[in-house]
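Here is the structure we will look at, set down as structure tokens.
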Amino acid sequence: MRYLTIALAKGRLAKKTIKLFEKIGINCDEMKSDTRKLIFTNEELKLRFFLAKASDVPTYVEYGAADIGVVGKDTILEEKKNLYEVLDLDFGKCKMIVAGPSEMKEVLDKGSFIRVATKYPHIAKDYFYNKKNQTVEIIKLNGSIELAPLVGLSEVIVDIVETGTTLKENGLVVLEEICPLSARMVVNRVSMKMENERISKIIKGLRSLY
Ligand SMILES: Nc1ncnc2c1ncn2[C@@H]1O[C@H](COP(=O)(O)OP(=O)(O)OP(=O)(O)O)[C@@H](O)[C@H]1O
Ligand SMILES: O=P(O)(O)OC[C@H]1O[C@H](OP(=O)(O)OP(=O)(O)O)[C@H](O)[C@@H]1O
């Protein structure tokens, strides 16, 4: 039997994802140890896990280097890969929003030409161009997005809000909500057919937890 490979997003979602797999009887002890190792195998179940940068998980799954992936909906929307999204795991909950100084509400409502800083250029483009039919300039950043309107790089940002603390501490507010987000399980299209029995068993096991 070949290994079934599961790509997990390292960072915020990793711990909860590992916990979930343990709940359905998959031993993940090796992954919890403080190690620089990247791949972990469970010989008994012929499973192979690896931890990758969140934004790379859809790529591993689309190419079939991983059969299954666990990653945030934001990453799925941004990366636009050809995958099956099979399960909402109901953790890592947050929202994709447009935020900025409160006085930008009026500017936004008028549909003026504004600059939008974001780590998610595809999501921002889809929202402003396709949903709102508004032309904007999108500026790609890689982190600390809230800085952009504070230093005059952009009028607003498209980013994730969870508790709202980061926005509040920087004098910014949510201006518009784009969509709710959470961790999702994704599956490679070919694997879904070729390994249907084993993958369905995992999906069923995880579903039974909710
Ligand atoms: N407060 C939050 N901020 C950002 N992401 C969150 C938050 N709460 C939950 N998430 C979810 O957790 C996922 C992983 O976030 P994490 O910060 O670990 O990775 P990342 O931001 O993609 O990676 P990196 O920091 O390396 O760019 C996000 O894609 C999102 O779905
Ligand atoms: O609503 P809150 O609970 O304050 O969380 C939201 C913040 O967390 C994320 O940033 P992250 O910590 O990933 O750092 P980054 O800005 O470097 O991406 C996100 O981009 C917001 O800045």
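A compact table of results
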item: Residues of the range 142-160 that turn out to be in contact with an Asp or Glu (Cβ under 9 Å, 6 or more places away or on another chain) and within 11 Å of ligand 1 (Cβ to nearest atom), as a count; result: 3
item: Flag if Ser191 is among the small types (Gly, Ala, Ser) and part of a loop (DSSP other than H, G, I, E, B); result: no
item: Conditions (1) assigned to a loop (DSSP other than H, G, I, E, B); (2) within 16 Å of ligand 2 (Cβ to nearest atom); number of the one not met by Ser55; result: (1)
item: Flag if Val174 is within 13 Å of ligand 2 (Cβ to nearest atom) and surrounded by 12 or more Cβ atoms within 10 Å (Cβ to Cβ); result: yes
item: Top-ranked residue in the range 55-69 [being within 10 Å of ligand 1 (Cβ to nearest atom) and closer than 22 Å to Tyr3 by Cβ; ranked as surrounded by the fewest Cβ atoms within 10 Å (Cβ to Cβ)]; result: Asp56
item: Listing of helices (runs of 4 or more DSSP H) fully contained in the range 104-175 that carry 2 or more residues being at pLDDT 95 or above and within 25 Å of Lys80 (Cα to Cα); result: 121-125
item: Candidates Thr17, Thr5, Thr35, filtered to the one that is away from ligand 2 (no atom under 16 Å from the Cβ), over 26 Å from Glu197 (Cβ atoms) and of a type in the set (Val, Ile, Thr); result: Thr35
item: Out of Ile76, Ile138, sole residue that is more than 22 Å from Thr163 (Cβ to Cβ) and not assigned by TED's automatic domain parsing to the domain that holds Ile203; result: Ile138
item: Qualifying residue in the range 173-195 (condition: among the β-branched types (Val, Ile, Thr), more than 16 Å from ligand 1 (Cβ to nearest atom) and assigned by TED's automatic domain parsing to the domain that holds Leu45); result: yes
item: Matching residues in the range 177-210 - criterion: being in contact with an Asp or Glu (Cβ under 7 Å, 6 or more places away or on another chain) and either closer than 18 Å to Met96 by Cα or within 14 Å of ligand 2 (Cβ to nearest atom) (or both); result: Leu181, Ser182, Arg184
item: Hits in the range 144-167 (condition: more than 6 Å from ligand 2 (Cβ to nearest atom) and β-branched (Val, Ile, Thr)); result: Val151, Val156, Ile157, Val158
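So that you can scan it fast, the table gives a plain yes or no per residue for (1) over 22 Å from the mean Cα position of the chain (by Cα); (2) of a type in the set (S, T, N, Q); (3) more than 19 Å from Leu181 (Cβ to Cβ); (4) surrounded by fewer than 18 Cβ atoms within 10 Å (Cβ to Cβ):
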| residue | (1), (2), (3), (4) |
| --- | --- |
| Met31 | no, no, yes, no |
| Glu43 | yes, no, yes, yes |
| Asp74 | no, no, no, no |
| Leu83 | no, no, no, no |
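The values are calculated or read from the model by the stated rules, or taken from the named source; none is laboratory data. These numbers come from a predicted model, not from an experiment. Glycine also receives a Cβ, built like all others from the backbone with ideal geometry; neighbour counts cover every protein chain displayed.
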